[in-house]
Amino acid sequence: MTDSLSPDQEPAAPTHSEALSAALAAQDVVAVAYALRNDVMIIPQLVVNGQAEQVRVFGREGTDKRMLLLFSSAENYARMVPDDVNPQVMVGDGQWLREFLTVHESTLEMVFFDIAGPHVMQAAPADLMRALGEQPGEGAAHDISSLD
């Protein structure tokens, strides 16, 4: 039996990244970078006045720096916030992450993956930007005058 959608229904957004989950399980930095560039990640949302429109970031007391927590599945995020009866998440991709890190680089201290386990990893925002690579059209311009 297969599920079918009527023409006016959209498929549900994925709430799990098998690629990111496998990369974290292997503790393989290269595979994590590949998953971030080519698959999805689950991002906690902050619910304010019944609206879940902001990325939920976390901080330590006594500092203005924040930590971004990303997850391979909505279930792993729910495991981190067991008292939250309705944890809200959104799905992002590598382009979203690149833009978020660019905008918030001055306040982000660290990015953690699946912090509630089972396979936690962390990375500095600058390292993630390098792992995400250049956007199409970015990078150094090639100076053709130096070619012989």
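Worth pointing out:
- Within the stretch 37-49, being more than 17 Å from Ala74 (Cβ to Cβ) and either touching a residue at least 12 places away in the same chain (Cβ under 8 Å) or open to solvent by less than 70 Å² (accessible area, probe 1.4 Å) (or both) holds for Arg37, Asn38, Val48.
- Long-range neighbours under 6 Å by Cβ, at least six apart or interchain, first residue without any contact (Cβ under 8 Å) to a residue 40 or more places away in the chain within the stretch 92-113, second open to solvent by 30 Å² or more (accessible area, probe 1.4 Å) and not charged (D, E, K, R): Leu101/Met129
- Among residues of the stretch 112-134, those that are in a loop (DSSP other than H, G, I, E, B), over 13 Å from Leu97 (Cα atoms) and not small (Gly, Ala, Ser), counted: 5
- Arg79 vs. criteria within 17 Å of Ala123 (Cβ to Cβ) and without any contact (Cβ under 8 Å) to a residue 40 or more places away in the chain: no
- Within the stretch 58-111, restricting attention to residues that are assigned to a strand (DSSP E or B) and more than 11 Å from Pro44 (Cα to Cα), the residue that is farthest from the chain's Cα centre (by Cα) is Gly59.
The values are calculated or read from the model by the stated rules, or taken from the named source; none is laboratory data. Given the structure is predicted, the values throughout are model-derived calculations rather than measurements. In this analysis, Cβ positions are derived from the backbone assuming ideal geometry, glycine residues included, and neighbour counts consider all displayed protein chains. Quick note on the areas: whole protein, heavy atoms, side chains included, nothing else; ligands and nucleic acids left out. Shrake-Rupley method; radii C 1.70, N 1.55, O 1.52, S 1.80 Å.
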